[in-house]
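The values are calculated or read from the model by the stated rules, or taken from the named source; none is laboratory data. Every value quoted in this text rests on a predicted model; they were computed, and no experiment measured them. Neighbour counts run over all protein chains shown; Cβ positions are idealised from the backbone, glycine included. Please note that ligands, DNA and RNA were not included when accessible areas were found on the heavy atoms of the full protein model with its side chains. Shrake-Rupley method; radii C 1.70, N 1.55, O 1.52, S 1.80 Å.
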Amino acid sequence: MKRSTATIAAVTAAVLGIGGGATAALLSGDDNAEVSQVTPSPAATPAGTPAANPTGGPADALSEENLLRERMYFDVTGHSFDRTSLGQNARLGPCTGDSTFADVLPVQGVTRIGTRLTGSDNRQVTHQLAQTLNAQEARVAANEIVSLVDECAAIQGGDFGYGDPVTVIDEADRKVVYFPAFDSDRVYGGYIVLQVGPRVGVVDVSDTVPADQVEHLAKEAAGIADD
C-alpha cells in the first residue's frame, strides 16, 4: 500500500485557483459556487453566433448541475454537508505540492468551475471540473493528475496517505480513477480523477467514508459531468 504523510489541515485546505491561460476571472455572486477561469474557444461564426461543437462532447456550458451537491452527497454517504465558497489559488490535491488544477490543463480553450462542501470536524469535499476543447486534451490532463497523485512525495507531519489507484471506468471517451485515503489507519475518503469527453475533473473527499462510497461518488460525479 502506498503511503504519504500530511496533516489533516493540509488535506482539507483546498481552494480553487486561477492558472495560466485565463483571459477572464468570473466570480459568481452566490458564495456557494465559483466560475474561476474562462478562456473562450475561438469556435464562433462571423456574426458572433456560437458554432456547432466540433468535439462531439457536451454542447452546453458547465454549470452547478455538473457538480456534486449536498443532497447527492448525503444520499451516498449519509453525512450532512453545507455548500460554501471557494477562494483562489487552490492546490490540485493534498500531496501534490503547489500544483494547481490549472497547471495540468491546456493553456487555451478551457472553462473551469468548482464547489466545496463542508461538514463538522474540518471535513470537506472539493470538486473542480474543467471543459477542454476535446476528449484527447481531457484524457491527457486526467492521466497526468493520476500520475501526480500516485507518485507524490510524502509530506512531514500527521499520518495521512493514499492507497493504490483503483480504475472504475476506462473507455475510449471516459475514464474514472480513485485513490482510497487513510488517516491514522482509519478510512478517510479518497481522491477521484474523472474524464468524460472533453471534460476533466477532480474530487477531493476528506471525510470518514469508506472506499465503496468513494467509488459511488466517483460514478455519480462522472454521470453528472456531461449532463
**Request:** Determine whether the stretch 209-223 contains at least one residue that is part of a strand (DSSP E or B) and open to solvent by 10 Å² or more (accessible area, probe 1.4 Å).
**Result:** no
**Selection within the stretch 133-157 - more than 16 Å from Leu92 (Cβ to Cβ) and in a loop (DSSP other than H, G, I, E, B)** = Leu133, Asn134, Ala154, Gln156, Gly157
**Fill in**
Residues of the stretch 80-103 being farther than 15 Å from His127 by Cβ and modelled with pLDDT of 95 or more, in sequence order, are Ser80
**Request:** For Ala181, state whether it is at pLDDT below 95 and either within 26 Å of Glu65 (Cβ to Cβ) or in contact with a Gly (Cβ under 6 Å, 6 or more places away or on another chain) (or both).
**Result:** yes
**Request:** Give the residue, chosen from Ala61, Ala52, that is among the aliphatic types (A, V, I, L, M), modelled with pLDDT under 80 and part of a loop (DSSP other than H, G, I, E, B).
**Result:** Ala52
**Prompt:** So Ile192 clears everything in (1) modelled with pLDDT of 95 or more; (2) over 23 Å from Asp82 (Cβ atoms) except one condition, right? Which one?
**Reply:** (2)
**Message:** I'd like to know if the stretch 191-198 contains one or more residues that are open to solvent by 10 Å² or more (accessible area, probe 1.4 Å) and either in contact with a strand residue (DSSP E or B) (Cβ under 6 Å, 6 or more places away or on another chain) or touching a residue at least 24 places away in the same chain (Cβ under 8 Å) (or both).
**Reply:** yes
**Request:** Answer yes if at least one residue in the stretch 109-120 is over 19 Å from Leu194 (Cβ atoms), part of a loop (DSSP other than H, G, I, E, B) and open to solvent by 50 Å² or more (accessible area, probe 1.4 Å), and no otherwise.
**Result:** yes
